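Contents: one structure, followed by commentary.
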Amino acid sequence: MTRQTRRRVIAGNWKMYKTQAEARALVSALAPLVAQAAHCDVVVAPPFTAIVAAVEAARGSSIAVSGQDLFWEKEGAFTGEVSAAMLVDAGCRYVIIGHSERRQFFGEIDDSVHKKTKAALVAGLIPIVCVGETLQERESGATEAVLDRQFRGGLAGLTPGEFSRILVAYEPVWAIGTGRVATPEQAAAAHGFLRELAASVFSAELASALRILYGGSVKPDNIAGLMAQEGLDGALVGGASLDAKSFAAIVNCPTRK
Ligand code: PGA
């Protein structure tokens, strides 16, 4: 597969943390610390209520803002939901879709991931589509089968043009919030598998251009080892993105040669 240069992306998933004031403070502290990070795209994903505060604080910086989820309908009687257009209106450029916490606790399935990804693309958002196996699935040797099912279920129905605009995040569930990071080799194997899958479902060219992020206990002290792997194009960071200094240290990790 011909190797394309893929621009790194470091995205912070704040989950259910940060008030508006805290979001403003975090983004204001982060902006000067990542101002020199010309080698990568920097994204933060606040909870819905703090999106506008984060967008305002990020103005004039290179920090982009993401939603953590969306609903696929344009509008309607869907209590508790937010549409793609509403995220765009609030100032988002990205949206996380299919995070394992949505899958585990809120009934997210591959079909809803697919509908959400389509809706995000129609609205002009960049979807960050998450896939990943549980510990039990890994230990029973089902990792590749799970990734295959989630990838095909969520993404196979996209057109090549749509697929070229998405990001994929490989997030092994056993590594999320546990402090148990995948080894760079484990992550690279999964990324390689996903890229092969992208090549067979779409094309070698699109697979080579696809940016695949790793997520799961990424910290300032393990980012360099992960980013040294050829197939890892960035990170989706949870806990370590809640602090400006630690997130900036992850963003500012040097590029591989
Ligand atoms: P973590 O979360 O970095 O706290 O493990 C990652 C994620 O869920 O995106």
- Query: Do we find that residue 65 is in contact (Cβ under 8 Å) with a residue 40 or more places away in the chain and within 25 Å of residue 252 (Cβ to Cβ) in this structure?
  - Reply: no
- Task: Can you confirm whether the stretch 18-30 contains a residue that is under 22 Å from residue 167 (Cβ atoms) and surrounded by fewer than 23 Cβ atoms within 10 Å (Cβ to Cβ)?
- Result: no
- Given the conditions (1) surrounded by fewer than 19 Cβ atoms within 10 Å (Cβ to Cβ); (2) in a strand (DSSP E or B), and given that residue 186 satisfies all but one, which numbered condition is not satisfied? (2)
- Query: Exactly one of (1) in a helix (DSSP H, G or I); (2) surrounded by fewer than 18 Cβ atoms within 10 Å (Cβ to Cβ); (3) away from the ligand (no atom under 16 Å from the Cβ) is unmet by residue 207. Its number?
  - Reply: (2)
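Yes/no per residue for (1) farther than 21 Å from residue 94 by Cα; (2) under 16 Å from the mean Cα position of the chain (by Cα); (3) among the aliphatic types (A, V, I, L, M); (4) within 16 Å of the ligand (Cβ to nearest atom):
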position	(1), (2), (3), (4)
144	yes, no, no, no
158	no, no, yes, no
164	no, yes, no, no
167	no, yes, yes, yes
182	yes, no, yes, yes
- Task: Could you tell me which residue of the stretch 65-107 is surrounded by the fewest Cβ atoms within 10 Å (Cβ to Cβ), considering only residues that are away from the ligand (no atom under 16 Å from the Cβ) and assigned to a helix (DSSP H, G or I)?
- Result: 89
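No value in this document is a laboratory result; all are computed from the given coordinates. Since the structure is predicted, the reported quantities are computational estimates derived from the model, not experimental observations. Cβ atoms come from the backbone with ideal geometry, glycine included; neighbour counts cover every protein chain shown.
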